[in-house]
Amino acid sequence: MDGGAPLLPETNPESHHQQRDPARGKRRLSTTVLPAVASAVVLLGLAALFLVYGFKDGEGRDDVAPTGGGGRVEVAAVASSRGVVEGVSEKSTTPALLLGNGAGAGGKLRDYDWTNSMLSWQRTAFHFQPPNNWMNDPNGPLYYKGYYHLFYQWNPDSAVWGNITWGHAVSRDLIHWLDLPLAMVPDHWYDINGVWTGSATQLPDGRIVMLYTGATTESVQVQNLAEPADPNDPLLLRWAKAEANPVLVPPPGVGLTDFRDPTTAWRSPADSSWRITIGSKNPDHAGLALVYKTDDFLNYDLLPTLLHVVSGTGMWECVDFYPVATDPAIQVGLETSTPPGAGVKHVLKASLDDDRNDYYAIGTYDGEGADTWTPDDADIDLGIGLRYDYGKFYASKTFYDPVGRRRVLWGWIGETDSERSDILKGWASVQSIPRTVLLDTKTGSNLVQWPVVEVENLRMHGKKFNDVVISPGSVVPLDVGKATQLDIEAVFEVDTLATSESIIAETGAAAYSCDMGAGAVGRGLLGPFGLLVLADEDLSERTAVFFYLIRRADGNLTTFFCQDELRSSKANDLVKRVYGSLVPVLDGENLALRILVDHSIVESFAQGGRTCITSRVYPTKAIYESARIFLFNNATNIQVTAKSLKIWELNSAYIRPYTD
Ligand code: DQQ
C-alpha cells in the first residue's frame, strides 16, 4: 500500500502556515482543485442516484419517498429512536420543538413542506459526513502509517440513533476522506446493544489499543478492548475484539448505565503504568471522572480518588484529558502522556448529558500523588464555566497528531430539525471541521481553537474588501459570487470617539446575553454588528454572526460574540436559537472573526478561536445561487469599519466511499 499511488489527495501541513492572499487562491487549482472536482463529479453522481432511488437502509427499506425536484417529500416509514430507553438521550430537539415555535396548540409540530432540492442542498461539501444515515460522536481518532483515522458512531439502518456501529474513514490531510467498511459492529453479548464511544492509545512499540463502551444484552455499560487484526495494514480495515472482553464492568456504587466513554490512556509520571478515565455521575447528580490504572489494558485497578467531581453537573459523557503548553514560544500541541510540571497545564473536558454541551476547564494534574486534577479557577470549574463551542457541538474528542505536532479536536454537529426531517433527507449530523487546540497564552485562561491549516488548501478565488464603513442601522451587500462554501476572515474597528465620549454606561455586562431580547435585530448602543450569511436577496432568511459590546460602569468594554439563527429559515419545524458568550478582547486588539460556511453549517471563531459557535441551519430560500452575504450594523451609537475582509470560495473536499 505504502509504495503505490496515493488513494487520496495529499497536502503538507508544514507548507501552509503562512496567511494566504485571497487574490492568489486560484493558483492552487492544479494541485487540489482537480481531484476535488473529480470527487464532486462522483458525489453528484451519488446524489443523482439517491434522488432516483431514494436512500435505502440496510434492509432495503425506503426511508425517503422522493418526488420531483420541487415537490413535497413525505416520510414513508417512521423509524423510532431507541436512545432514551437505552440510556442515551440522542436527540434533544424533540422537547425543544414542542416548546418552541414549531408546536401547535396540542403540542403537535407543524411540518414544513420540504422539497428534495432544499434537502439535497443541506449536505455539506467539506465537513466530514458518511454517505447516509445517522452519525454521532467522533471516536478513536489517530494517525497511523501515513493516514489519519476517524471512527464515528453510525446507524447502518436509518437516519435516527440506534444499532450503533463504528463507521471508519481515513485521510491524508484531515480534509479529503475515504469512507471505509465498518470497523466494528454489535456482534457480542458485551456490545450487542451498541458499540459505543471509545478512544485509541498508541503504545511506544507502535501497538494500537482501542477501548470502547459496549452496551450489553442487558444494556449494561461495560468497557471493551479491540486491536487492529493486521497492524501492517495502514488502513486498519479489520479489528479484533479481545477474548477477555469486557475488560471493565461498572464498579460497586456506579450505575449500570452511568459508566461510559473511556479516554485515550496516558502514562503515569509516577510509575509509568497507564491511566484512563471514564465518565459517570453519583447518586447526588454530581458529574465525575473515575481513574483506572493498567499495565496491559486487560487488567485494571480503580484508583480510590476521582480525577475530578463537580456537583450538579450530572452524567459526564466523552471525557477528554490532555496537556497543553503554557509557554508562548511553544505553539505546538503536546503528546497525551506529557507529564505535568513547569510549562504544562491539563485540560479536562466533559460532555454534559444534562444540557448536551461540551465544557472544559484548565487546571493542574497531580500525577505523582493521588491522580487528581484541580481547576485553576473554581468559579469556572468543569461544567459551570467555559465551553468549546456555544452552538451545536457535542461529544467531541481530541488526539495528538505527531506529524503536525498539534492537538486536533473534532465535535459532533447534530441536527436541530425534527426526526421526521432527518428521515426525509436520509442522513443526520456532520462532524465539525477538525480544529487545532492550544492554550491561549495571552489570556492564560482559555483555549484557542482554529480550523486545521489544511482547510486553506480548499480556498479558490477570493475577494478582498478594505475599510468598508457600516453606519448605524445599515446593511451592506458584499458581492462575492456563490456564497454557500466560504471561508471568511473579517477584522472590525469600532469608532472609538463615539464609544468613549457619547456613551453612558449601559446597565452592565450582566444585563446582556446573546439569547436575550431580539438577537441581531435588537438595537443597543454598541451592538450588534457583524455579518449576515446564508441570506437571500431581500433578507427574508439570514444567519447573523455578530459582536455586541457593553460599556461597563468602570468604563471598560465587555464583548459578546453571538450567532442568531432566529431568521435562518422560513421553516418552523426547527429549533432556532441565538447562541453565544463573552469573548476576551485584549488591549490593542481589533475585533476579528473567521466564519466557515458549508451549505447548512456555519462554524465561527472569534478573536483567533477564543470563542466558537457552530450552527446547523435549514434555509429554504437562501440556498444554491440565491445565497448571499452582507455586513450589518444595528448599533445606534457606533460607526463600524470592516478594516479588512477576505472571503474565499471553498472547493468541495474529496469524500467518497472506498472500493477495494
Ligand atoms: N454517544 C454514545 C455514548 C456517549 C454518547 C452512544 C454521547 O457512548 O456517551 O452513541 O453522545
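Straight-distance candidates among the lysines for linking to Lys281, with alpha-carbon spacing under 21 Å and chain neighbours fewer than 8 residues away dropped: Lys91, Lys293, Lys349, Lys397.
Here's the picture: charge each Lys and Arg Cβ at +1 and each Asp and Glu Cβ at -1 in region 279-343, and of Thr326, Thr336, Gly287 the one pushed furthest to the positive end of that dipole is Gly287. Here the calculated FRET efficiency for Lys442 and Ser471, from their Cβ-Cβ distance with R0 = 35 Å, stands at 0.65, rounded to the nearest 0.05. With a simple spin-label model that places each label point 7 Å from the Cα along the Cα-to-Cβ direction, the separation between Leu256 and Glu218 comes to 0.4 nm.
Extension gain for Glu243-Val491 works out to 83.6 nm (0.36 nm per residue, less the C-alpha to C-alpha distance). Pop the C-beta distance of Lys464 and Asp327 into the FRET formula with R0 = 35 Å and round what comes out to the nearest 0.05. Given R0 = 35 Å and the Cβ-Cβ separation, E is 0.50.
Here the simple spin-label model places points 7 Å from the Cα toward Cβ, and for Glu625 and Lys482 these points are separated by 1.2 nm. Using the Cβ-Cβ distance between Asp376 and Asp271 with R0 set to 30 Å, the FRET efficiency from 1/(1 + (r/R0)^6) comes to roughly 0.70.
Taking a ≥ b ≥ c as the square roots of the Cα gyration tensor eigenvalues, with a/c under 1.5 meaning rounded and otherwise prolate when a/b beats b/c, else oblate, which class fits region 443-492?
Oblate, because a/c is 1.5 or more while a/b does not exceed b/c.
By how many nm would the segment from Glu537 to Asp205 grow when fully extended, if each residue of separation counts as 0.36 nm and the alpha-carbon distance is taken off?
Numbers: separation 332, 0.36 × 332 = 119.52 nm, distance 5.85 nm.
Length gained, Glu537 through Asp205: 113.7 nm.
Sort the following peptides by mean Cβ neighbour count (other Cβ atoms within 10 Å, averaged over residues), highest first: 191-202, 341-352, 161-172.
On the way: 191-202: 24.8, 341-352: 20.5, 161-172: 23.2.
Listed from highest to lowest mean packing, they are 191-202, 161-172, 341-352.
How many angstrom lie between the C-alpha centres of region 202-243 and region 331-372? Between the Cα centre of region 202-243 and that of region 331-372, the gap is 24 Å.
Read the figures in this text as sums done on the coordinates, not as results from a lab. Nothing here was measured: the structure is a model prediction, and the numbers come from that model. For neighbour counting, all protein chains shown are included, and Cβ atoms are generated from backbone atoms with ideal geometry for every residue, glycine included.
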